[in-house]
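K.L.:
First the structure, which I've put down as structure tokens, then a few questions once you've had a look.
Taken together, the values in this text are just the output of simple stated rules run on the coordinates, not laboratory data. What you see is a predicted model, and the numbers here were worked out from it, not measured in a lab. Every residue, glycine among them, receives a Cβ derived from its backbone with ideal geometry; neighbour counts consider all protein chains shown.
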Amino acid sequence: MRQAILSAPKTLEWRDGPMPRPEAGEVVVQVRAALTCGTDLKTYRRGHPKLGFGPFGHEASGDVLEAGEGVAGFSAGDPVMWVQTAPCGECHECRAGRENLCWRLTDQMAIGTYAEAIRLPAHVVARNLFPKPAQLSYIEAAFLEPFACIVHGWRVLEQADAMKPVPENVAIVGAGTIGMLHLAYATHAQIPATVVARHPERLALARRLGAIETAAADFDSLPEVLAASFAAVIECGGTPESWQEAVRLCAPGGRVLFFSGLPKGAHVPLDATRVHYEELVCLGSFHFTPDDVRRARELLIGEVVPARELISDVLPLGSLEDAFGRLDSRDGFKYALIPGPGAAAWV
Ligand SMILES: [Zn+2]
Ligand SMILES: [Zn+2]
């Protein structure tokens with residue numbers, strides 16, 4: 001089977017090898033659709049501290065080729081969806097209920113979805129592998145991982161205010177894929193959402209996806225009228241400026257969710273006066289728990305995720321380099337890669 005290998009920054013190679021066979025508890029899946037992701041783009045550009053180089057890609061869905069000994073509930077031919085990690089259930093964080101912070105989260109992941117097939121480790125099969133219902137296309141089903149991150153972010157946000165878990169309005173800073181997925185969640189939850197971003201065409205899409213208001217912002221020219229007016233702010237811009245902007249938008253007593261990760265060692269000066277005297281609640285969000293994954297799957301089935309709007313093109317797997325070239329020049333949201341012979345189409 002054919003598999004993409006990221007061997008160095010911006011260097012993709014193809015490796016042809018034998019079809020993997022599952023050990024006990026494992027499942028080998030034929031990949032039907034794999035999606036590009038912002039994390040993959042970071043890895044493509046400069047490597048990733050936890051993922052390293054090698055097999056590449058983590059968002060996908062497909063059909064079971066072979067289930068290992070002892071696997072219950074899945075057999076050859078079953079359409080499936082999954083996420084790349086599962087918590088160990090035994091470490092300090094898992095026992096404290098913070099499975100998203102599991103110490104062994106990245107020990108053995110299902111990485112390498114830009115391939116004709118992938119082997120899912122036993123702990124992923126046990127906790128985070130699910131049937132793909134027929135009404136979800138393979139491309140839609142592959143949104144399970146990014147949307148689980150979104151669901152987790154909202155859980156963090158809602159748990160931070162016991163009196164009023166659902167905020168009365170929300171500002172979303174940044175209109176990339178992640179900002180749009182947060183918007184989809186807010187729209188579904190009927191929370192009025194304002195999207196703040198640079199690009200007019202992305203703001204136009206945000207309006208189509210349900211934003212009640214959009215603001216073109218170059219972070220130093222944000223409309224003053226929006227300052228301190230949102231009960232919740234979700235930062236998805238991925239820059240120190242967008243973190244600061246998020247704090248500026250937050251109303252007194254409100255919540256700021258810092259959703260995007262900044263490069264290691266980044267420090268961001270925040271308005272300490274506002275944070276203290278106006279009791280701003282500043283929150284981090286990382287990854288997801290198996291509960292978040294199940295909830296994300298329910299919402300995907302409920303058609304909450306605007307997959308067709310966020311897939312910029314459907315390409316054959318062999319066009320992976322082209323897809324990353326386009327992402328690298330900030331062209332498009334996400335690309336779907338379809339393995340196998342024949343023209344790539346929505347599957
Ligand atoms: Zn992802
Ligand atoms: Zn653990």
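K.L.:
Counting other Cβ atoms within 10 Å of each Cβ, which trypsin sites (Lys or Arg not before Pro) in segment 114-219 have at most 13 and sit in a DSSP loop?
P.N.:
Here the sparse-neighbourhood loop sites are R198.
K.L.:
Compute the separation of the alpha-carbon centres of segment 128-172 and segment 267-329 and state it in Å as a whole number.
P.N.:
Each part reduced to its Cα centre gives a spacing of 10 Å.
K.L.:
Using DSSP, restrict attention to beta bridges with both residues in the chain and report what percent are antiparallel, rounded to the nearest 5.
P.N.:
55
K.L.:
I would also like to ask the following. Cβ neighbours within 10 Å, averaged per peptide: list 240-253, 264-277 in order, most packed at the top.
P.N.:
The most tightly packed comes first, giving 240-253, 264-277.
K.L.:
Under 14 Å from the Cβ of H92, count the other residues' Cβ atoms, weight Lys and Arg +1, Asp and Glu -1, and hand me the total.
P.N.:
Cβ neighbours under 14 Å give a net charge of 0.
K.L.:
How far is it, in nm, from the label point at W346 to the one at R208 when both lie 7 Å from their Cα along the line to the Cβ?
P.N.:
1.2
K.L.:
Taking a 23 Å limit on the Cα-Cα distance, which of the listed pairs K10/K264; K132/K164; K132/K334; K164/K334 fall beyond it?
P.N.:
Result: K132/K164; K164/K334 exceed 23 Å.
K.L.:
What residues of segment 236-280 lie in the reach of a label at E168, counting those whose backbone N is under 16 Å from a point 7 Å from the Cα along Cα→Cβ?
P.N.:
Flagged as within label range: 250-255.
K.L.:
While we're looking at this one, here's another question. At what distance in nm do the modelled label points of K264 and E309 sit from each other, each positioned 7 Å from its Cα along Cα→Cβ?
P.N.:
3.7
K.L.:
For a Förster distance of 25 Å, can you work out the FRET efficiency between the beta-carbons of E201 and R45, rounded to the nearest 0.05?
P.N.:
E(calc), rounded to 0.05, equals 0.60.
K.L.:
Restrict the search to segment 286-347; then list the trypsin sites (Lys or Arg not before Pro) that DSSP places in a loop and that have at most 16 other Cβ atoms within 10 Å of their Cβ.
P.N.:
The qualifying sites are R330.
K.L.:
Still on this structure: Less than 18 Å from a label point 7 Å out along the Cα-to-Cβ axis of L101: which backbone N atoms in segment 249-263 qualify, by residue?
P.N.:
In segment 249-263, the label zone of L101 (backbone N under 18 Å from the point 7 Å along Cα→Cβ) covers 256-262.
K.L.:
Another question about this same structure. Could you give the length gained on full extension between A189 and T11, defined as 0.36 nm per residue of separation minus the Cα-Cα distance, in nm?
P.N.:
59.9 nm
K.L.:
Something else now. Taking square-rooted eigenvalues a ≥ b ≥ c of the alpha carbon gyration tensor, is segment 31-139 rounded, prolate or oblate, where a/c under 1.5 means rounded and, failing that, a/b exceeding b/c means prolate?
P.N.:
oblate
K.L.:
Follow-up. By its C-alpha gyration tensor, with a ≥ b ≥ c as the square roots of the eigenvalues, how is segment 150-284 shaped: rounded for a/c under 1.5, else prolate for a/b larger than b/c, else oblate?
P.N.:
Rounded, because the longest to shortest axis ratio a/c is under 1.5.
K.L.:
Still on this model: Tell me the trypsin sites (Lys or Arg not before Pro) within segment 39-87 that lie in a loop according to DSSP and have at most 10 other beta-carbon atoms within 10 Å.
P.N.:
When the trypsin sites (Lys or Arg not before Pro) of segment 39-87 are filtered for loop state and at most 10 Cβ neighbours within 10 Å, K50 remain.
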